[in-house]
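Data first, discussion second: the structure below is written as structure tokens.
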Amino acid sequence: MRWVSVATDRGPRACGLVEGQYVDVNAADSEMPSSLRELLARGPDVHRRAWSALRSGPVTYEPAKTRLLPPVPDPRKIICIGLNYRDHAAESGVPVPPEPVLFSKYPTTLIGHLDRIVLPRVSHAVDYEAELVVVIGQGGKHISREKAREHIGGYTIGHDVSARDWQLNKPAKQWMAGKTFDTFAPTGPELVTPDEVPDPHNLGIRLRLNGQTMQDSSTSQLIFGVEELIAYLSQIVTLEPGDLIFTGTPPGVGMARKPPVWLKPGDVVEVEIDRLGILRNSVIAENEAG
């Protein structure tokens with residue numbers, strides 16, 4: 001199953017992708033929520049019922065004429081993992097961390113497929129990072145690794161945009177500041193359910209900048225896999241339906257290149273992950289933003 005959230009004059013609407021059309025879940029079955037986060041909270045049995053109703057859904061949106069929002073536009077938490085690819089740790093010249101390195105983003109960072117990344121006027125070193133994003137379905141606390149897969153609602157593509165001058169050059173370093181400027185978390189285009197991704201640790205992951213491949217790796221390089229991350233994080237916080245976990249980025253980031261490659265106005269960035277699709281965003285300067 002593939003789910004999206006679309007922008008309408010009634011606000012965000014959860015839809016399923018059926019035969020090339022986005023079908024409104026609530027319009028197909030009035031007992032279903034219009035929010036994808038709320039749909040995730042109701043569990044797999046309700047998801048299957050909602051999907052069955054989509055075949056006769058009366059409200060559809062043509063993808064070419066529809067603006068996609070982030071699949072989950074309103075997550076309670078956006079949790080990110082740093083230095084979680086073995087090849088990226090080697091590129092960065094740092095040892096493999098013994099435990100996950102954590103930081104977070106705020107919901108104001110979220111944008112959807114084809115939305116524009118805004119380069120802050122106060123940063124001059126904005127970098128790109130392709131990431132697999134795990135979306136929590138069933139919430140919980142102290143989730144075991146063995147039960148972790150039961151708590152996954154799906155997967156999507158993420159782009160962890162990073163202002164390196166704020167992240168690394170401020171006093172004591174400021175990962176949160178460097179990572180959470182507005183528009184710095186594109187996600188999408190779709191949420192793909194786990195039945196379509198049997199092995200999240202065997203997916204090709206690539207990032208192209210203006211058509212040139214900059215990152216090309218596999219989630220097999222993850223240091224901490226999705227089950228371990230869910231178990232680790234749920235010791236700290238209660239994971240809730242719709243929470244996003246950015247799982248880290250592979251090598252090839254701009255700051256590791258000689259000379260460094262920073263995002264600039266007019267750039268187009270594509271993040272592609274096997275089975276999940278392509279997330280595409282253009283880049284503008286802050287003074288160009290409407």
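Sorting the segments 239-245, 282-288 by their residues' average number of neighbouring beta-carbon atoms within 10 angstrom, most packed first, yields 239-245, 282-288. Between Ser52 and Lys258, the C-beta separation translates, for a Förster distance of 51 Å, into a calculated FRET efficiency of about 0.40. Of the beta bridges in the chain, as assigned by DSSP with both residues counted there, near 85 percent are antiparallel. Note on mean projected area of the Cα convex hull in nm²: of the candidates (1) 16.9; (2) 20.3; (3) 14.8, the value calculated from this structure sits at (3).
For the chain, the longest principal axis of the C-alpha atoms and the axis of helix 44-54 are separated by about 70°. Relative to the longest principal axis of the Cα atoms of the chain, the long axis of helix 226-236 lies at roughly 90 degrees. When the listed pairs Lys105/Lys264; Lys141/Lys179; Lys77/Lys173; Lys65/Lys264; Lys65/Lys147; Lys65/Lys141 are checked against a 30 Å cut-off, the alpha-carbon distance exceeds it for Lys65/Lys147; Lys65/Lys141.
Can you give the FRET efficiency to the nearest 0.05 for Asn202 and Val59, using r as the Cβ-Cβ distance and R₀ = 45 Å? Plugging the Cβ-Cβ distance into 1/(1 + (r/R0)^6) gives 0.75.
The Glu286 and Val94 beta-carbon pair, evaluated with R₀ = 25 Å, returns a calculated FRET efficiency of approximately 0.20. Applying both filters, DSSP loop and at most 16 other Cβ atoms within 10 Å, to the trypsin sites (Lys or Arg not before Pro) of the stretch 1-30 gives Arg10. Fully extending the segment from Arg116 to Asp45 would add 22.0 nm, taking 0.36 nm per residue of separation and subtracting the current Cα-Cα distance.
Values in this text are rule-based calculations from the coordinates and carry no lab data. Keep in mind that this is a model prediction, so the values were computed, not measured. Every residue, glycine among them, receives a Cβ derived from its backbone with ideal geometry; neighbour counts consider all protein chains shown.
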